[in-house]
1. Calculate the dipole size of the chain relative to its Cα centre from +1 charges on Lys and Arg beta carbons and -1 charges on Asp and Glu beta carbons; express the result in debye to the nearest 20.
2. So if I average 1/r over every pair of distinct C-alpha atoms in the stretch 334-425 and take the inverse, what Kirkwood radius in Å does that give?
3. Cross-link list Lys19/Lys333; Lys19/Lys311; Lys234/Lys301; Lys289/Lys406: which exceed 30 angstrom alpha carbon to alpha carbon?
4. Long-range amide H contacts for Arg213: which residues qualify at under 5 Å (H placed 1.01 Å from N, peptide plane, sequence gap of 5 or more or a different chain)?
5. Quick check: pseudo-label points 7 Å beyond the Cα along Cα→Cβ at Arg112 and Gln56, how many nm apart are they?
6. What is the mean projected area of the alpha carbon convex hull for the stretch 214-368, to one decimal in square nanometres?
7. Quote to one decimal, in nm, the extra length available between Ser279 and Lys66 on full extension: 0.36 nm per residue of separation minus the C-alpha distance between them.
8. Would you kindly state how much longer the chain becomes between Ser11 and Asp141 on full extension, computed as 0.36 nm times their sequence separation minus their alpha carbon distance, in nm to one decimal?
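Nothing in this text is a laboratory measurement; each read-out follows from the coordinates by a stated rule. Predicted model, so just to flag it, every value in this text is computed and none were measured. Cβ: placed from backbone, ideal geometry, glycine included. Neighbour counts: every protein chain shown.
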Amino acid sequence: MKIQIPYLQKSFSLEFPDKNLLAVVEPNEFERKGTSESILKGALSAPYGPERREGQSLKDFLSGGKKLLIIINDATRPTPTAAMLGALVPELDASPIKNQDITLIIATGAHRTPTEAEYQQILGPWHGRFRERCVYHNARDNSVMVDLGTTRNGTPILLNRLLFEADRIIATGSVEPHYFAGFTGGRKAFLPGIAAYRTIEANHKQALSPRSRSLALEGNPVHEDMMDALPLIKAPVFSFMTVLDKEQGIADAACGDLMASFYAAVDTARKIFCVPVASKADIVVSVAKFPMDIDLYQSQKAIDNGALALKDGGFLILVSSCRDGIGDEAYAKLLAQASSPADAIEQIRVLYKLGYHKAAKMAEVSGRATIKAITELPPERLASMFIESAPSPQKALDDALAELKKRGVAEPAILVLPDGCVTIPDPRQ
């Protein structure tokens, strides 16, 4: 078996005996109903209303509006924002809202400020038209937040005031499984997308709950927080959600009512990203594809998803350039200060800070398996987080196979996830 794994501007070869292959698991094939352009236009022509009834058209939604806020994702998400803007622009041009009264806000959550290159990446051919109208959300700037109370879980709800200065809101995004929010998209545009740092911190603390996991919505406290924020938004919201296929092309889209379009997109996302496998593997090779390879903070999703199909005592091999480094430093510092994965989890229970949920998820995996990583990060930095550095996937795999055979595993089973950040392997045994 020989597999090519993309990495930055090159690729790695990974080779092993066919008898060791459990599966190469990618998102499922999905029959697209046309071109990307026609899928987006088709969604806009058939918007959902509440409970998936027929909804209000975007034309009628914009009618009577004076100030429009469009929420878009940052560069850590593969959302096809430029294509979505292309579908929206004709409707915007035909509306009574003037271009100078349209604001685009990048829903960075607690992520860093976008670079100018990322503005170009996000806006694409619409950069010239919208760059001056495009701002980013700064979660640490409390002066731009509106305090709206608390959620049922006690999370304070503070959202960007631009949300309340607009009389029309369009929320864009993409929907795929998320390792503790259940799914991305929809309500996430608001919380954590344009929420205050302390709101995001309190919300992400809920990720320590066993109910906060991939695919889970009902009873998930992270999702509950997001839902509790929605009734506090007074301006009408028109949602425009996409679902990407395994090639990151547009597979489907849904728009209109925020939650109806979200749940419609979730249905498609489940069909694409949830993949059955025969059993758990001894070795899982999980790849964080662009743009999720931006840093370890984002690439951790590939670890968490891969661990779903990994036997205790097995090896998880992460392939991710982490081209922008660690990401949020808080989780890395906590792991570096801990004496063991179990110690890290105990420290997190005592004193939580934003980012510690990431440390907890990583510690859970490294506590029961060996994580090897092919990245641009220094080996000593990885070691401080209970991750072994490897120069190539082949070297990591060969070492893992040798160790398992020493333990008496005659034919270690290997599972490969070429898009580990969004593929959800479902072991049947």
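1. 340
2. 14.8
3. Values: Lys19/Lys333 41 Å; Lys19/Lys311 18 Å; Lys234/Lys301 34 Å; Lys289/Lys406 32 Å.
Correct reply: Lys19/Lys333; Lys234/Lys301; Lys289/Lys406.
4. Those qualifying (amide H under 5 Å, at least 5 residues apart or on another chain) are Gly182.
5. Between Arg112 and Gln56, the label points sit 4.0 nm apart.
6. 11.3
7. Full-extension gain reported as 71.1 nm.
8. 42.7 nm
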